[in-house]
1. Could you give the nm distance between label points at residue 36 and residue 100, where each point is 7 Å from its Cα heading toward the beta carbon?
2. Can you give the FRET efficiency to the nearest 0.05 for residue 109 and residue 82, using r as the Cβ-Cβ distance and R₀ = 25 Å?
3. Quick query: amide H of residue 30 versus all other amide H atoms, modeled in the peptide plane; which residues come in under 5 Å with a sequence gap of 5 or more or a different chain?
4. What are the residues whose amide H is under 5 Å from the amide H of residue 49, where those residues sit 5 or more places off or on another chain and H is modelled from the backbone?
5. So what are the ³J(HN,Hα) numbers for segment 60-76, from phi and the Karplus equation (6.51, -1.76, 1.60; θ = phi - 60°), rounded to whole Hz, Gly and Pro as x?
6. Roll a 1.4 Å probe over the protein heavy atoms and report the accessible area of residue 42 in Å², nearest 10.
7. Output wanted: per-residue J couplings in Hz (rounded whole) for segment 96-109, from phi through Karplus 6.51 cos²θ - 1.76 cosθ + 1.60, θ = phi - 60°, x for Gly and Pro.
Amino acid sequence: MGPPPPVRPGAPVERLVLDPPEAQGVLGHFPLEVQDFLQRPFLAGQRTVTAEWYYEETVQPRHSDLFVLLCLSTDRDVTAIEARRSLDRGATPDRARWHTLTCHRARLSPR
């Protein structure tokens, strides 16, 4: 399970319920600022958020490359990230080099 979302000074700690729960581990790989961006629209409303993701990892002798697409949504909001990172062999995820982080956020209109 990844770290909790970053908290503004003096703000109460809030945590989303992601469905499926394994998505919290996917979210936890991203830098804290990205986690905050992806979760922020959902903190004031529904606490259960649908998560879908796709990732592809290529392991090289000295490093691994990862492509990941993560989408969080409710019936009112959607956030998504497309990212690429490299991680040296034996390094912890906080030492990853992010090459691309493209974030999206949208408010959905009722039909």
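The values are calculated or read from the model by the stated rules, or taken from the named source; none is laboratory data. Being a predicted model, the structure only gives us computed values, none of them experimental. When we count neighbours, we look across all protein chains shown, and the Cβ atoms used for this are built from the backbone with ideal geometry, even at glycine. Only protein heavy atoms, including side chains, enter the accessible area calculation; ligands, DNA and RNA are left aside. Shrake-Rupley method; radii C 1.70, N 1.55, O 1.52, S 1.80 Å.
1. 2.6 nm
2. On the way: r = 23 Å, r/R0 = 0.93.
So the FRET efficiency works out to roughly 0.60.
3. none
4. The list, which skips near neighbours in sequence, is 17, 18, 19.
5. Each residue's phi maps through the Karplus curve to give 9, x, 9, 7, 10, 10, 10, 10, 9, 10, 10, 10, 10, 8, 10, 6, 10 Hz.
6. Number for this one is 0 Å².
7. In residue order, the calculated couplings are 5, 9, 8, 9, 9, 9, 10, 9, 9, 9, 8, 9, 8, 9 Hz.
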